[in-house]
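Worksheet for the structure shown next.
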Amino acid sequence: MNSILDSFSSYLFRNKNLLILLFLLPPLLWLGIIYLGSLLVFLFHSLFYLDGFTGKIVYKISLNTIIELFSSPANIDILIRTVALAFLVSVGSALIGFPIAYYMAKYTSPKVKIFFYLAIMLPLWSSYLVRVYSWKLILAKEGIISWVFEKLHASWILEGILSLPVIGGPSLSISYLGMFLVFTYIWLPFMILPIQASLERVPNSLINASYDLGASKRQTFYKIILPLALPGIAAGSIFTFSLTLGDYIIPYIIGTSKFFIGQAVYTHQGTAGNVPLAAAFSLVPIAVMTVYIYLAKRLGAFNAL
Amino acid sequence: MLFNKKNNINKASWGLKIGAIAGILFLHIPLFLIILYAFTTEDKSYQFPPPGYTLKWFSIVLSRDDIWNAVYLSLHVALVSTFAAILLGTLAAAALYKADFFGKESITLLIILPIALPGIITGISLRSAFGVAGIPFSTWTIIIGHATFCMVVVYNNVVARLRRSSPNIIQASMDLGANNFQTFFYVILPNLGTAILAGGMLAFALSFDEVIVTTFTAGQQTTLPIWMLSELIRPRQRPITNVVAVFIICITFIPILYASYITRNTSDGEGSSK
Amino acid sequence: MITALELINVNKSYGQVSALDTIHLNIKDGEFFSLLGPSGSGKTTCLKVIAGFEVPDSGIVNLFGEDVSNVPPFKRNVNTVFQDYALFPHMNVRDNVAYSLKIKKVPKSEQDQQVNEILKIVKLEGYDSRKPSELSGGQRQRVALARSLINKPKILLLDEPLGALDLKLREQMQLELKNLQRQFKITFIYVTHDQQEAMSMSDRIAIFNNGKIEQIDTPANIYSKPKTAFVADFIGTTSIISLDLANKFFNYSKPFSIRPEFIKIQNDNIHDNEFNIEAIIDDVQYQGSYFKIIFKKDDLTLISFYYPNTSKQIDINLGKRYTISWSKDNITDLNE
């Protein structure tokens, strides 16, 4: 048996690329056929359209569906709403996440750093649904946030916020503000880790050099530290932006009746059977992310991953 | 905040410390609240503070067959998907970690795509593909979906480990008389062992928790997240959902902690001289 | 004298870059042979071709008369000590050293006996249960050696094995390696960029430059009879006089190299057999037991060594003018 393996190994010695090909074949076939194939077929449906009378898909190439996507004000609303939220969520998680990342990168001893790392990884990998659910109970009218405001005799502030147009609503758990909070919370670890990785790569000698050359702490932060952390922020924002664009569960559970892209896709392909329109909607986050990733790459985001 | 630092540059300002700790608390307090609410006596609302505490929901959950079935299904799916993800992800990592051929970036993108694109797109695509191919929805369709996006998790871990190892140990093994297969079993596999295991643990947690792609690729099957989702939409006895949530937290915490534990020493070089 | 290794007309390129260009090597059994040259000159590639990790584009590799050009590394009877030692991190010292015996399916008791013997020879007794991460650089180096030597190879390839060690340790290891080589009568093929190391240890040296071999000779001949300007300049310190300058100042029709220790300063008795020139001290560098003095005259630069403890005392301040001279017997004609 050994001599057979020996001869095969000798053959591989003379044909190194064969080995790489052998290894690559199973995953490539799997992904190519199962994933890429089905994905392309689905997205291609955006070039078909739904016959209004029969309710069946017409398999002829046309731009009807794409035009329909962009011509209906309701649809445009959905697109704008989702992109705006994705943007705000990215900003929010960057603001909350930066201090955590900064502290972790620069001021923790190795032992404490591991603790922080775990503290961030655990929520990241533990159940998405559980974490969303937890906010349902936090935001509920009778839940902890209302209780805190009551205790501080500040319920009027809470009611004031809820009565604000657009972001308010009947209760926090059915409002844009609530959605913003949940999204920011859910994707926060995705933002913290790349920022922390970028900041760690900034050698302390650079910061010391800046002080040495006369810059104040504020100047050093804005001129040296922040620009060098930017790739990490860009990388993190890829996650927060993309994940928010495509999500349909959080708007469903915490949302108002106003749709977001994810819900639109879900509804259209569901009972309505309007796969073309669902596919057209799906193209939007893909297109947006392609542009976004290109810009982020220019900012160096890929070096921070 | 940051700018009130006094003399010592090496100590964070109080503002920064508070900001960081507040952030960490922000991440974890919701989970604590879930655990808290698992003990509440109030089952129709999310009243805070809980009016009373009880353990009865735990015993109710333990006797619920539908929940147990969902748990078993999720475990089964996670185990098989993880196994497939380990196979495919390790193969891909072994092929690509050193490679420098035309098209390598595209292949890497393809591996990452299932997890990069929104779950709903992946889910719908797979669903229509199964429909067109005439494959009935079953546990196997769920597993196929999971394996597809869990692959990248194992891939990342193994690639990182491969890039960190000395490139010469494979050559050293051959130099000492081992052919490709002996080298694989005696040198490569043991070296990759913990990376594969860690990647597998993360893949397990990912699969166990996944709901979006699962709803599209399942037939009548109910995994635990699917069960949970229906509870969220139409809550019945809320603390029961909380108890299940507590179990889910525990089940997913363990693989993560284990994965961190077994890779704890690997940031320093092992066996290389410099 | 048996030929242990022969490379005939070996070429190897990576894309546009030629790493090995028409390489001919003939190494005798039992020699300590060094491949010496600057980084990127092809010496490590040459070693990899000998070991079998690289397949040459053309040419033949002969080990003890047998053509092994198409034989994979695990079937060649050579062993390699790698630059970063390449110890298996998940195995302890004993398992690392016994690896090749395990592959050959040697019985366990015999494995243990041979491992103990070789550990004694490399002075690592008692370290057998340690992991590589628990060893110092020098200790890892010995494990790498033991792992290879246990095979009793006829040829041992060493790729800059002492590069990571500090000076004192390096000098000590050089002695030990030389002793091992003599004791076991193994052919050593030793890659290094450190000319002092190569000169002191080798029976013969091949000087690599840009993928070509410039000269193969004993250390003494390489030093005193360099064939090219590159070799003259790479080994030790020297002054290289180009063809134009040789014509202009010395009426000599070939370019040549003159070692600094042969240049005499302010010699009043100049023989016919000597070249001489009047020049000014441009720079002085204190080297401990001697001074390196750099003389300049127009575009001619000459380096001379001045030993204050054994020579006549002279004033070595900058700008001083002297007549310097050397015997014609001490120059080496260069081929370019």
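Here, each number is a calculation from the coordinates, and none is a lab measurement. All values reported here derive from a predicted model rather than from experimental measurement. Neighbour counts are summed over all protein chains in view; Cβ atoms, including those assigned to glycine, are modelled from backbone coordinates with ideal geometry.
Numerical summary
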| item | result |
| --- | --- |
| Projected label distance in nm at C:LEU243 and A:LYS141, using a 7 Å step from Cα toward the beta-carbon | 10.2 |
| Residue among B:THR148, B:GLN237, B:GLN171 farthest towards the positive dipole end of region B:117-274, charges placed on Cβ | B:GLN237 |
| Karplus (6.51, -1.76, 1.60) ³J(HN,Hα), θ = phi - 60°, over region A:159-173, in Hz, Gly and Pro reported as x | 5, x, 4, 5, 8, 5, x, 6, 7, x, x, x, 8, 4, 7 |
| Peptide B:93-100 - average C-beta neighbours from other chains (10 Å radius) | 3 |
| Residues of type lysines that B:LYS98 reaches as a straight line, Cα spacing below 19 Å, ignoring anything fewer than 8 places off in the same chain | A:LYS16, C:LYS48 |
| Förster-model FRET efficiency, 45 Å R0, B:GLU42 and A:ALA209, C-beta, rounded to 0.05 | 0.15 |
| Total charge dipole magnitude, region C:79-238, about the Cα centre, Cβ charges on Lys, Arg, Asp, Glu only, Debye to nearest 20 | 580 |
| Environment charge of C:ASN9, counting only residues whose C-beta is closer than 12 Å and scoring Lys/Arg +1, Asp/Glu -1 | -2 |
| Contour excess over end-to-end distance, with Cα ends at C:LYS185 and C:ASP272 and 0.36 nm allotted per residue | 26.4 nm |
| Members of C:LYS28/C:LYS178; C:LYS212/C:LYS296; C:LYS12/C:LYS75; A:LYS113/B:LYS17; C:LYS225/C:LYS312 lying beyond 23 Å, as alpha-carbon distances in this model show | C:LYS212/C:LYS296; C:LYS225/C:LYS312 |
| Among C:GLY163, C:LEU124, C:PRO153 the positive-end extreme of the charge dipole of region C:73-212 (Cβ point charges) | C:PRO153 |
| Test item: Cα-centred dipole of the protein assembly as shown, Lys/Arg +1 and Asp/Glu -1 on Cβ, debye | 1760 |
| Theoretical gain in end-to-end length, C:ASP166 to C:ASN11 [0.36 nm per residue, Cα-Cα removed] | 52.3 nm |
| C:ASP333/C:VAL71 FRET efficiency (R0 30 Å; Cβ-Cβ; nearest 0.05) | 0.10 |
| Dipole magnitude of region A:39-179 about its Cα centre (Cβ charges: Lys, Arg +1; Asp, Glu -1), debye to nearest 20 | 580 |
| Gap separating the Cα centres of region C:79-112 and region C:172-201, nearest whole Å | 23 |
| Exercise: per-residue mean of other protein chain Cβ atoms within 10 Å, A:238-250 | 3 |
| Dipole of chain A, positive end: most advanced residue of A:LEU63, A:ASN274, A:LEU124 [Cβ charges, Cα centre] | A:LEU124 |
| Residues B:HIS76 and A:LEU29, FRET efficiency given R0 of 30 Å [Cβ-Cβ distance, rounded to 0.05] | 0.75 |
| Simple spin-label estimate for C:ASP194 and A:GLU68 in nanometres, 7 Å along Cα-Cβ | 7.7 |
| Most mobile listed residue (C:ASN317, C:ASN92, C:ASN151) in chain C, GNM with C-alpha springs under 10 Å | C:ASN317 |
| Per-residue average of Cβ from other chains inside 10 Å of C:69-76 | 6 |
| For chain B, built as a Gaussian network whose Cα springs stay under 10 Å, the top-fluctuating residue of B:THR141, B:THR108, B:THR82 | B:THR108 |
| Among B:GLY131, B:GLY123, B:GLY199: highest mean-square fluctuation, GNM of chain B, C-alpha pairs under 10 Å | B:GLY131 |
| Contour excess over end-to-end distance, with Cα ends at C:THR323 and C:LYS120 and 0.36 nm allotted per residue | 67.2 nm |
| Cβ-based net charge around B:PRO235, under 10 Å, with every Lys or Arg adding one and every Asp or Glu removing one | +3 |
| Spin-label proximity, B:LEU257 to region A:123-155 - amide N less than 19 Å from point 7 Å beyond Cα toward beta carbon | A:123-128, A:131 |
| Separation of the C:LYS108 and A:LEU36 label points, Cα + 7 Å toward Cβ, nm | 5.0 |
| Label-reachable residues, region C:229-268, where backbone N falls under 18 Å from a point 7 Å from C:GLN287's Cα toward its Cβ | C:231-241, C:257-266 |
| Pairwise centroid distance, computed over Cα atoms, of region A:2-77 with region C:311-336, Å | 77 |
| Protection proxy ranking, peptides B:27-40, C:102-115, C:64-77, average beta carbon neighbours within 10 Å, highest first | B:27-40, C:64-77, C:102-115 |
| Inter-part distance where region A:113-159 and region B:199-227 are each reduced to a Cα centre, Å | 24 |
| Chain C - percent relative contact order, Cα under 8 Å, separation 6 or more | 16 |
